[in-house]
Amino acid sequence: MRIFEEDNGQMLIGGISAEELAERFGTPLFVTDEFALRLNYRRISQAFSQHMPIRVHYACKANTNLAVLRVLEQEGSCIDAVSIGEVDTCLRVGFTPDRILYTGVNVSDEELEAVVDRGVMINIDSFHELRRLAAISTGDKVSFRVTPNVGSGHHDKVVTGKKASKFGIPLEEIMDAYREAVNLDLVPVGVHAHIGSGGQSVEPFIEVTEVLIGVANRVEEELGITLEFIDIGGGIGIPYHPDEQEMDVEQLGAILTRMVLEDSNVGTFALEPGRYIVADTTVLLSRVVDIKETGGKAYIGVDAGFNNLIRPAMYDSYHHVVIVNRYGAEPEAEYDVAGPVCESGDILAKGRMLPEAQNGDLIAVLDAGAYGSTMSSQYNSRPRCAEVLVIDGQADLIRERETLEDVLRNQRVPERLMQ
Ligand code: LLP
């Protein structure tokens with residue numbers, strides 16, 4: 001949870017008052033702080049790069065806004081992409097194919113061909129994918145995603161590394177995959193795993209690194225191939241709740257790189273942070289449109305809902321909420337913050353102590369930069385909202401607010417129904 005600057009009881013972001021941004025661009029509105037974005041990237045990257053050569057593959061599923069990607073391209077980031085759409089988005093803002101690693105699951109032939117066609121390296125998820133890839137193209141560098149039997153994450157729905165997961169090649173069979181790749185004329189250069197998303201403890205990262213080092217060493221002993229990289233995936237959590245501790249990424253970097261340096265001959269350490277880089281850079285601004293008391297409960301009704309930020313409804317995720325125009329004021333009453341979607345699950349925040357709210361107030365839902373906009377929808381025929389990038393008192397629109405025309409664009413009514 002980020003602490004923001006304050007001016008006369010008004011919350012500032014990127015040197016601009018949040019209220020001014022809401023008035024200028026409307027609500028709901030995602031506001032991303034460019035300085036925070038650059039800082040997060042530099043912090044995670046330096047935590048590892050001070051010890052050995054690294055590659056930070058930003059997991060762009062967290063936030064694919066072109067301006068956000070452009071900033072990270074300038075910072076020197078690489079990309080973890082999960083679809084051809086993500087690959088092409090990143091190519092469009094200047095990432096070269098050699099900076100992108102494609103990690104798909106249940107990949108279609110068409111998508112596999114398209115990724116190969118772009119010259120992007122594939123991190124193979126299954127034996128069937130391996131064989132289909134070899135039928136399309138040989139001589140390419142590849143890596144494998146192994147199921148490490150180590151799982152971690154903020155919710156069951158985002159734990160990926162446990163045994164019997166839908167992701168990766170079982171650890172027990174991974175050597176067969178490397179052997180078969182060599183026989184099929186592919187060139188294995190890496191090993192990858194992703195334990196899950198939003199974990200807050202260091203231990204699972206140590207365990208997965210151990211597993212990956214074990215695989216790399218067996219590939220070297222049994223096949224005579226020294227892998228170029230070990231990729232531990234993403235999953236570094238952030239403290240969404242004021243009581244949560246931040247993970248010590250410097251310590252994480254020191255421990256994990258030392259393991260790789262001491263116990264293997266692998267030259268590059270790769271990681272795929274998504275949430276860590278973008279989550280706390282962005283707030284979702286939303287206008288208070290109604291205040292209701294019912295059955296002993298008080299609701300603040302706002303114009304943003306799970307169509308804009310689905311994490312609370314989908315994973316019971318905590319996002320801190322503040323009243324922007326009373327930033328720093330003492331809490332006075334307990335509220336649920338509810339959106340306009342016609343479902344009782346459309347609650348952005350439950351049981352929060354806040355200063356007394358009034359119609360017309362502006363709230364900010366914090367830490368909305370990861371899996372906010374990218375998971376938003378047009379449910380209830382609500383156009384997706386606008387996004388702005390702020391820095392040093394300057395604000396640029398980086399995504400226009402959609403219109404109803406955008407919602408309806410691809411729909412057709414057959415002529416025969418128009419009679
Ligand atoms: N690498 C791979 C292979 C992944 O599948 C993911 C996330 C990441 C990296 C990045 O994980 P991160 O560093 O962001 O935790 N929608 C959920 C999170 C889903 C994560 C899916 N995979 C949420 O809102 O919490």
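A few notes on this one:
- Once both labels are positioned 7 Å from their Cα atoms along Cα-to-Cβ, the gap between K166 and A135 label points is 2.3 nm.
- Fraction of accessible area attributable to carbon and sulfur, region 34-277 (%, probe 1.4 Å): 48
- Convex hull volume per residue for the chain, taking Cα atoms only, in Å³: 164
- When you restrict to C-alpha pairs under 8 Å that are six or more residues apart and normalise by the size of the chain, the relative contact order lands at 20 percent.
- Angle between the chain longest axis and helix 34-49 axis [Cα atoms, degrees, rounded to 10]: 30
- Spatially close lysines, pair count over the chain: Cα under 28 Å, gap of eight or more or interchain: 13
- Label-to-label distance, K157 versus V82, with points set 7 angstrom from Cα along the beta-carbon direction: 1.2 nm.
- Charge tally around V159: other residues with Cβ under 14 Å, Lys/Arg +1 each, Asp/Glu -1 each, net +2.
- Considering only alpha-carbon pairs that sit under 8 angstrom and 6 or more positions apart, the relative contact order computed for region 297-419 is 26 percent.
- Take F25: with every protein chain present and a 1.4 Å probe, its accessible area is about 40 Å².
- Computed from Cα positions, the angle between helix 174-183 and the longest principal axis of the chain comes to roughly 60 degrees.
- When the helices of the chain are scored as -39500 (n - 2.57) per DSSP H run of n ≥ 4 and the total is divided over every residue, the value at 222 nm lands at -8500 deg cm²/dmol.
- Relative contact order (percent, whole number), region 34-277, Cα cutoff 8 Å, 6+ residue spacing: 22
- Rolling a 1.4 Å probe over the protein heavy atoms leaves S286 with an accessible area of roughly 0 Å².
- Among R70, R384, R218, the residue with the largest mean-square fluctuation in a Gaussian network model of the chain, with springs joining Cα atoms closer than 10 Å, is R218.
- Area accessible to solvent at Y102, 1.4 Å probe radius, in Å²: 0
- Top positive-direction residue, dipole computed over region 34-277 with Cβ charges, set T257, V211, V146: T257
- Taking Cα atoms only, the orientation of helix 249-263 departs from the longest principal axis of the chain by about 10 degrees.
- Charge tally in the Cβ shell below 15 Å around Q251, where Lys, Arg are +1 and Asp, Glu are -1, Q251 excluded: -2
- Per residue accessible area in Å² of the chain, where ligands, DNA and RNA are left out and the probe is 1.4 Å: 43
The values are calculated or read from the model by the stated rules, or taken from the named source; none is laboratory data. Worth saying up front: this structure is predicted, and the values here are computed from it rather than measured. Quick reminder, even Gly has a Cβ in these numbers, built from the backbone with ideal geometry, and neighbours come from all protein chains shown. Keep in mind that these areas ignore ligands, DNA and RNA; they rest on the heavy atoms of the full protein, side chains included. Shrake-Rupley method; radii C 1.70, N 1.55, O 1.52, S 1.80 Å.
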